[in-house]
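Only the coordinates and a few stated rules stand behind these numbers; no lab work does. Bear in mind that the values here come from a model prediction, so they are computed numbers and not experimental data. Don't worry about glycine lacking a Cβ; one is built from the backbone with ideal geometry, like all the others, and counts go over all protein chains shown.
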């Protein structure tokens, strides 16, 4: 499922019949040979926007996940390796962020920052890193006590060498499982923010298109909802469900908690 | 013991009562003595209905239920004597004499000419937010000439004075407000005590409701509409609220409406439907201070040639609007002219020719570059009240001639920030804004857009300055003769259409549907009420029960 979303996003220029903003028909056209899912309120092809929207979804998922990975990995590794006061301070910071009411804060910050895709990614990244940091830290603590890390250090291996040569490869599968979850969350949060009008409504994204469809005065008339609203809802469900399935499959294998 | 016949009668009666009961909306307020209760949409917490703390147009009209002005328009657009019994302008146009009716405030104190002079001084000696739309111009000498007579002495003739001062300035009681130093900090019942036809009966911000009850001792007679209830509706969808029976009248969205949405009201005799042309306008502003292409007349002209404004009206509004005039005013404005006003018909070839002539070369990709080789690329800001579909049509149209645009959505407050800074390339603004006037309002609205020294920068055509336009705008303001004024306003339209600092895209028609059985005297006021408010909520028909005059319906 996820592969299909990724492939659609990557191949959007070749798969989509039209550019996403191109006005290629009259507004609210029913599905036809020229527009398989009809047209939206401006007369743009809905199928093309669905396909191009997957690219936005991918960008958000990848960017937000990368941000979460960078911050979570840095905090987790430093806390795990340095220990002591650094560990204590960083973990209290993690506790604080984890204790915050995420959804109201996301909405609050998104309102303050204003609607843009970059802001959405930043806001999502800002709140999703602590879980990753915790997992990385606990794994780092566990790995640090193992012999091969001590031996590497004994032979003069620096911190960066230890991280690169021993910790990251060992952490890889755990992080991968965590990142898939984060990606799914990022996609749903972006869609949620867009749906609430706090994302970038000018972006061609599934959440923004859902919001646009729902606020159209004609969405409740005829069967417009069937070809404008439903495809975007299904696409979102498809992407988030795909991420969740992979996460569920990977976690028991790589998360040490499951082994206990 | 009940016999069979009695039993059947009783059951029949009960069934009839049930049917009748279910046919009536249980939430429908009773009509008392033929005087209806009218339910309209609530605008949330848009300030309070007091002369110095209301907010924008919707706030003004609620306030106007409690506080009267010296004159007020009816469906003809004429200013009727209201608190005034008569008014007269001197031959030189500098002195307006007003005689007052015998009126009492809601607390029983008499309303005198001293209240009028006090109100003017109170307004002009303080600084209010721009959202207080009815603040009169400064520089008028208001003289009390008797208990019920007052003179306004102007420094220069002012063609807007009648509507925008006498017909807009709510008269406030001196005996109340003279004890209030900061009227923007007081919200108790004192500041809601006016001379108007209604009193504030309830206001619940959380429930988004408020109600106004008629004053039976009102000086023009007992108001026809007994009670006005304002009710919040989900998503501000008034027409849905009307269909659901929550409201008795509902307006179409300001950004325009398609026929499909109006069909249920057109086809149903239960409802009436009125409309007015050009209730709202959508101009595209170029930030000429940025220089380069934006300051290049050929570029701006090419943009307008590239946009099919008639197609926009058909496509987005199913014809419920008008294509924008390059001279700003819509055809429905009495001061509109097309004579000598340059048109920019949809013509991509002409747009391409102008761009080529300006040195904006087209690359193989289809995009153009500036004469210095940099991309011909701009950011288009649009506030959240502007339909995204409109912006996308603009982007598509300009893209077709090689002008690259990216869209940036922002909220309305930020738009004004960008305009004032000025820090933008292109903005599609929605009009009216805080000035609270519509495209059909007095032609002095051109001052806000095209004068080099406008009252505020929020509607200014950024970077535009033409001394001849300044002179003409000042001259039309000082001209009472309508024909003469029309000539001056026509010249302004001709020049700004040639200079094209703003490209008017289209105007949307307003529609108002209402339940005939409750109240059917709705109308759109020609030229608007107050400073030119284009909404349907003129209080005159509620009070009189008629569309014309001040005589109250029995």
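Quick notes on this one:
- Degrees separating the helix A:117-144 axis from the principal Cα axis of chain A, which is the longest one: 30 degrees
- Averaged over B:155-168, number of beta-carbon atoms from partner chains that fall within 10 Å: 0
- The residue B:80 and residue B:104 beta-carbon pair, evaluated with R₀ = 25 Å, returns a calculated FRET efficiency of approximately 0.80.
- Residues residue A:196 and residue A:1, FRET efficiency given R0 of 30 Å [Cβ-Cβ distance, rounded to 0.05]: 0.70
- When the convex hull of its Cα atoms is projected in every direction, mean area for chain B (nm²): 31.0 nm²
- Entry note, segment B:504-550: relative contact order of 28 percent, from Cα contacts under 8 Å with a spacing of 6+ residues.
- With the simple model of a label 7 Å out from the Cα in the direction of the Cβ, residue B:180 to residue B:46 spans 2.0 nm.
- Per residue of chain A, the DSSP helices (runs of n ≥ 4 H) give a summed -39500 (n - 2.57) that works out to -24500 deg cm²/dmol at 222 nm.
- Expressed in units of 2.2 N^0.38 Å, where N is the residue count, the Cα radius of gyration of the protein assembly as shown is 1.14.
- Percent of beta bridges antiparallel (DSSP, the protein assembly as shown, rounded to nearest 5): 80 percent
- Chain B - mean residue ellipticity at 222 nm from DSSP helices (-39,500 (n - 2.57) per run, n ≥ 4, rounded to 500): -8000 deg cm²/dmol
- Sites residue A:226 and residue B:453 - FRET efficiency at Förster radius 45 Å, r taken between beta-carbons, to 0.05: 0.25
- Rounded to 10°, Cα long-axis angle of helix A:168-195 versus longest principal axis of chain A: 30 degrees
- Alpha carbon convex hull of chain A, projected area averaged over orientations, nm²: 16.0 nm²
- Principal-axis tilt of helix B:348-357 within chain B, Cα atoms, nearest 10 degrees: 50 degrees
- Here the label points at residue B:343 and residue B:235, each 7 Å from Cα along the C-beta direction, are separated by 3.8 nm in the simple model.
- Choice from A:62, A:174, A:113 showing the highest fluctuation, given a GNM over chain A with Cα pairs closer than 10 Å: A:113
- Normalised by 2.2 N^0.38 Å, where N is the number of residues, the C-alpha radius of gyration of segment B:426-554 stands at 1.28.
- Average Cα contact separation per residue, chain B, under 8 Å, 6 or more apart, as relative contact order %: 20 percent
- Global form of segment B:84-132, assessed from the alpha-carbon gyration tensor, a/c cut-off 1.5: oblate
- Contact order normalised by residue count of segment B:371-455, Cα under 8 Å, 6+ apart, percent: 33 percent
- Along its first, second and third principal axes, ordered by size, segment B:343-443 spans 45, 28, 24 Å in Cα coordinates.
- Shielding of B:391-397 by partner chains, average beta-carbon count, 10 Å: 5
- For A:37-47, mean number of other protein chain Cβ atoms within 10 Å: 3
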